[in-house]
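Worksheet: one structure, shown below.
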Amino acid sequence: MQEKNMTKEQVILGIDPGTSVLGYSIIAIKGKNITLLDMDILKLNSKEDLSTKMKIIFDFVLSQIERYKPDVLAIEAPFFGKNVQSMLKLGRAQGLCIAAALSRNIPFVEFSPRSIKQSITGNGASSKEQVAAMLQRIIHFEAIPKYLDATDALAVAVCYAFQNNIQSSEPQQKTTKRKSSSWTAFLSSNPNRLKK
């Protein structure tokens, strides 16, 4: 099954959940090649009540699933913050995205914000701007979007792609945390990823 994944194109839906701004991206991966199909945000009206926002999020994610037919949803896991109400809203938004995927039999994988940053830049404490700049070098899109929620969503999808490629290129060995999270090790193993 892992050999099949190396040759078959996989479409990944990446989501950075939110109840004000939801970032999303669609990438296709084939072997070690990543192609950006779409990257943008869903901006929600702050005056809408929460139930209306929740329906908009669910319907929107479902529409992206119907349009692109992704093989997997990669989503950012909630983080612990001081504002409990914000965390609850974020958790609901994430749950709706997952529910939309599961309603179409699409599996999901969640990644912590720190592990996503580590995968993209090699530093789990990187800023959103640093992540966006590194993604631009890897994927070669024209301009960094105004809302970095879009590049955050792309980072989740690319994080999945990196981990998937590392695992499928070495099916006999267990991937270690050090190997999958070291940007230097990744670049030395994949010199074609970084273009000058």
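The values are calculated or read from the model by the stated rules, or taken from the named source; none is laboratory data. Given the structure is predicted, the values throughout are model-derived calculations rather than measurements. Backbone-built Cβ (ideal geometry, glycine too); neighbour counts: all protein chains shown.
The condition of being in a loop (DSSP other than H, G, I, E, B) and of a type in the set (Gly, Ala, Ser) holds for Ser46. For segment 71-118, taking the residues that are charged (D, E, K, R), out of contact with any strand residue (DSSP E or B) (no Cβ under 7 Å at 6 or more places or on another chain) and within 27 Å of Thr52 (Cβ to Cβ), the one that is surrounded by the fewest Cβ atoms within 10 Å (Cβ to Cβ) is identified as Lys82.
In segment 7-39, the qualifying residues are those that are charged (D, E, K, R) and at pLDDT 95 or above, and the one that is nearest to the chain's Cα centre (by Cα) is Asp16. Within the option set Leu50, Leu73, Leu88, being of a type in the set (A, V, I, L, M, F, W, C), touching a helix residue (DSSP H, G or I) at 6+ places or on another chain (Cβ under 9 Å) and modelled with pLDDT under 95 holds for one residue only, Leu50. For segment 76-150, the helices (runs of 4 or more DSSP H) that sit wholly inside it and include 3 or more residues that are charged (D, E, K, R) and under 17 Å from the mean Cα position of the chain (by Cα) are 128-139.
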